[in-house]
1. If you check every pair at least six apart or on different chains, which have Cβ atoms under 9 Å apart with a residue in the stretch 28-42 that is without any contact (Cβ under 8 Å) to a residue 24 or more places away in the chain and open to solvent by less than 90 Å² (accessible area, probe 1.4 Å) first and a residue that is assigned to a helix (DSSP H, G or I) and of a type in the set (S, T, N, Q) second?
2. So the check is Cβ under 7 Å with 6+ separation or different chains; which pairs have a first residue in the stretch 1-25 that's within 28 Å of residue 39 (Cβ to Cβ) and open to solvent by less than 40 Å² (accessible area, probe 1.4 Å) and a second one that's of a type outside the set (A, V, I, L, M, F, W, C) and modelled with pLDDT of 85 or more?
Amino acid sequence: MGETEAEEGPMTDQELIITALRQSGVIIAEHLEPGKIDADEAIAQLITILDRQDFAAAMDRLESGHGLRVVK
């Protein structure tokens, strides 16, 4: 799966998705800080996190197994 799995053992689908979203949030926050990372670098980092087979598979399993719904 990635560095986190090697350090902490296998993650559940929910943990994998939450970790990816938290990492994405950090990247976006850094992009919004003046002088940190530019848009191209932010996009490249986001693609690295979100365009992974394990992330897509976890999303598919979560959607098919639990049926995501709109929360109001």
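1. Matching pairs, first to second residue: 30/45; 31/45; 37/45.
2. 4/19; 16/54
The values are calculated or read from the model by the stated rules, or taken from the named source; none is laboratory data. Just so it is clear, the model here is predicted, and its values are computed rather than measured. Please note: Cβ atoms are built from the backbone with ideal geometry, for glycine as well, and neighbour counts cover all protein chains shown. Heads up: the accessible areas ignore ligands, DNA and RNA and are worked out on the full protein's heavy atoms, side chains in. Shrake-Rupley method; radii C 1.70, N 1.55, O 1.52, S 1.80 Å.
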